[in-house]
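The values are calculated or read from the model by the stated rules, or taken from the named source; none is laboratory data. What you see is a predicted model; the values in this text were computed from it and never measured. Reconstructed Cβ throughout: ideal geometry from the backbone, glycine too, with neighbour counts over all protein chains shown.
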Ligand SMILES: *Cc1c(COP(=O)(O)O)cnc(C)c1O
């Protein structure tokens, strides 16, 4: 389905009915599959005949999700995983070997940093951290054994942007794979592979499900890369369940409509916050005042749903705003229909030292909002209560 638009692909790709001719995709809640004969079983196992064997390898509902997501990202292949972290870990384990070196953005999802520092480092893999937006740091960090560039753009909570096309030029010239975690924007707003990335990683738990119902993840790339990653998931087991695959598959149908609404609501909230006396600073990529606004415009088709702002009065003032809300959810999750509010310095970034927080601009007065799909006037009113 090559010539179709994103919205059409999001609804039509990956759809395959069974003999029952169901209109909504079926959920195949089965661990294994049966064969017509011993010969067929032998042919399936030897891969002479394509088909399902066992749900740790493939499942038709999971296939439908993988095919649809690959079409939306412009990738040749996709393997789904049980969570976003499983997708990141599987990518690293499949593509990086003992003795190799990874250059990673220091501005990634907290658990990604924990994964690198406490698990990946045990396999004699060296990691260097660099500032996401500083191309010269990426270049200077390259060693003879550098195998992977790993980053997330835009960063959360402040929306710093990494220039994917420029980074891919550097990585390609040095025989390095470029992996981009695209969870914050989703394929509706950014397609890293089209910009030159080799690998896209998703936490489908966030906007792809978009309704806070389940964990899911995915890795996308060339056939060769995905064959390596899926060899890892087949052997180690973080496969996506059919039920969760069905949930995120349904999420993709409405993804672009939801992302448009998240972006519209976020811009309205950010614009309102900018004019408040009690607000020191607003971070939203859609505002022209954001230093990465222009760069974001070159590689994103929208600015996403994350708005952060700093209130005057430090932690006490920030907690007051959070505690005064009545409809927002106080939780660190993001990418939900429900607007969430969190204090990064004491939650998502609580493990950082004071110096690291200062470097990363995670101040005590900083509040992060993942703007949901409620009427944004109600969200604004709720935030205004404690301001
Ligand atoms: C949530 C998140 C992850 C981890 O995904 P899980 O599905 O929770 O395992 C990874 N990267 C980013 C950017 C995230 O927001």
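Okay, here's what the table says:
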item	result
Residue within region 65-88 that is more than 14 Å from the ligand (Cβ to nearest atom), over 19 Å from the mean Cα position of the chain (by Cα) and not assigned by TED's automatic domain parsing to the domain that holds residue 291 present	no
Test: residue in region 358-377 that is in a helix (DSSP H, G or I), in the same structural domain as residue 265 (by TED's automatic domain parsing), closer than 30 Å to residue 254 by Cα and more than 16 Å from the ligand (Cβ to nearest atom)	yes
Among residues of region 319-336, those that are away from the ligand (no atom under 16 Å from the Cβ) and either under 14 Å from residue 372 (Cβ atoms) or surrounded by 13 or more Cβ atoms within 10 Å (Cβ to Cβ) (or both), counted	9
Qualifying residue in region 102-113 (condition: surrounded by fewer than 18 Cβ atoms within 10 Å (Cβ to Cβ), within 16 Å of the ligand (Cβ to nearest atom) and free of Cβ contacts under 8 Å to residues at least 60 places away in the same chain)	yes
Residues located in region 164-192, provided they are surrounded by 21 or more Cβ atoms within 10 Å (Cβ to Cβ), over 23 Å from residue 69 (Cα atoms) and touching a helix residue (DSSP H, G or I) at 6+ places or on another chain (Cβ under 7 Å)	167
Flag for residue 116 being in the same structural domain as residue 248 (by TED's automatic domain parsing), closer than 30 Å to residue 345 by Cα, surrounded by fewer than 24 Cβ atoms within 10 Å (Cβ to Cβ) and away from the ligand (no atom under 11 Å from the Cβ)	yes
Odd one out for residue 96 among (1) more than 23 Å from residue 207 (Cβ to Cβ); (2) within 16 Å of the ligand (Cβ to nearest atom); (3) in contact with a strand residue (DSSP E or B) (Cβ under 6 Å, 6 or more places away or on another chain)	(2)
Checking residue 262 against (1) in a helix (DSSP H, G or I); (2) over 30 Å from residue 55 (Cα atoms); (3) over 19 Å from the mean Cα position of the chain (by Cα), the condition it does not meet	(3)
Filter result (buried (at least 18 other Cβ atoms within 10 Å of the Cβ), touching a helix residue (DSSP H, G or I) at 6+ places or on another chain (Cβ under 9 Å) and in a helix (DSSP H, G or I)) within region 284-318	299, 318
Of the criteria (1) out of contact with any strand residue (DSSP E or B) (no Cβ under 6 Å at 6 or more places or on another chain); (2) under 19 Å from residue 259 (Cβ atoms), which one residue 347 fails	(2)
Residue ID - modelled with the lowest pLDDT, chosen from residues in region 342-357 that are in a helix (DSSP H, G or I) and closer than 16 Å to residue 155 by Cα	356
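Here is a yes/no grid of residues against (1) within 14 Å of the chain's Cα centre (by Cα); (2) farther than 22 Å from residue 233 by Cβ:
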position: 146; (1), (2): no, yes
position: 154; (1), (2): yes, yes
position: 157; (1), (2): yes, yes
position: 187; (1), (2): yes, no
position: 204; (1), (2): yes, no
position: 211; (1), (2): no, yes
position: 217; (1), (2): yes, no
position: 221; (1), (2): no, no
